[in-house]
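Reading through the structure tokens given below for one structure.
Here, each number is a calculation from the coordinates, and none is a lab measurement. Not measured: the values here are computed from a predicted model. When we count neighbours, we look across all protein chains shown, and the Cβ atoms used for this are built from the backbone with ideal geometry, even at glycine.
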């Protein structure tokens, strides 16, 4: 049975009967870690006190899974076996090992499998279907857009933080695509400010300065056509070896918004609706209006293409293409 992270509590809470198998698969680290911890806690609460850890590294053999399932400790009658997979292509040996494990699995043993995102062809494999039918498959996905804002609001509520609407929107712009960094920053704010009201000014002082970067000013600079300032901030970020994915999102959100605004303008539609949906407050709408006068739809499409090239290098070549970020700033600001 396949479920998502937000459905897990109803399956393992209140001492519900535990499943023999849990598959926790995906690439978002924070939710993955929290899901594994929740399953561990539920298992411990029902007497699965012993944990056995297996990792699919160079020394791993599929017979290790069978051996672990046969060796209950003298000190514990119930056992949680955790198997971390680095690949979801177990081959014939792995497929046979899973089948044999399920066939002889003791009710006093639970198997928790963690690994990368399961592609559609993987989910159709016989070994995967057997494991999913025996237990729960928890798909760990990266929340985006409104789903990310829902996650953020829930995280803010759990930490009893008091954000003004504009400040929460700005925080979301900074951290969408990086839940782990967002959660760490929220924890810092909780320790520093408690239930004090957090406005945009406080957010800039606490988050931006402490992390030694300034995405707010960078975004305002390249949207406002201030090439020198934007390039200077980018240079500082390069010195600090700033997280490329977060930098990518800072550009991506603004370019996507400019494209929406440009298309709405061409279709003679009111821009106010677009601003409202994107949660852009009145003071920032001015620089976006200026950018629309400076940037044609064709130019914005070209910038979007350049951003795709940047994303490709970050995700596939594992490099930060600072020169392309600089080029993107020059294109967006209209600098010579």
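Of all beta bridges DSSP finds with both residues in the chain, what is the antiparallel percent, to the nearest 5?
Working: 0 of 27 bridges.
Antiparallel: roughly 0 percent of the beta bridges in the chain.
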- Could you give the angle, 0 to 90 degrees to the nearest 10, between helix 179-193's Cα long axis and the longest principal axis of the Cα atoms of the chain? 70
- Query: Nearest 10 degrees, 0 to 90: what angle lies between the long axis of helix 91-104 and the longest principal axis of the chain (Cα atoms)?
  - Reply: 50
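So how much slack lies between residue 164 and residue 144, counting 0.36 nm per residue of separation and subtracting their Cα-Cα distance, in nm? Mind dumping the intermediate values first?
Values: separation 20, 0.36 × 20 = 7.20 nm, distance 2.11 nm.
Contour length minus the Cα-Cα distance gives 5.1 nm.
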- Query: Which order results if 61, 206 are arranged by neighbouring Cβ count within 10 Å, fewest first?
  - Reply: 61, 206
- Item | Helix 297-316 vs. the chain, principal-axis angle (Cα, 0 to 90°, nearest 10) | 30
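Sort 54-60, 184-190 by packing, meaning the average of other beta carbons within 10 Å per residue, with the highest value first.
Sorting 54-60, 184-190 by mean packing, highest first, produces 184-190, 54-60.
Kirkwood hydrodynamic radius, the chain, all distinct C-alpha pairs: what's the number in Å?
Details: mean 1/r = 0.0437 Å⁻¹.
The Cα-based Kirkwood calculation yields 22.9 Å.
Based on other C-beta atoms within 10 Å, arrange 333, 122 from fewest to most. Please list the in-between numbers first.
Details: 333 22, 122 17.
Listed from fewest to most nearby Cβ atoms, that is 122, 333.
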- For a footprinting-style exposure proxy, rank 66, 41 by other Cβ within 10 Å, fewest first. 41, 66
- Under the definition of Cα pairs under 8 Å and six or more residues apart, what whole-number percent is the relative contact order of the chain? 16
- Go ahead and collect, in residue order, the members of the range 314-334 whose backbone nitrogen is under 18 Å from a label point 7 Å along the Cα-Cβ direction of residue 228. 329-334
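Out of every Cα-Cα pair in the range 148-333, what percent are more than 27 Å apart?
Details: 4966 of 17205 pairs.
Beyond 27 Å sits 29 percent of the P(r) for the range 148-333.
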- Query: Relative contact order, percent, of the range 2-140 when contacts are C-alpha pairs under 8 Å separated by at least 6 residues?
  - Reply: 42
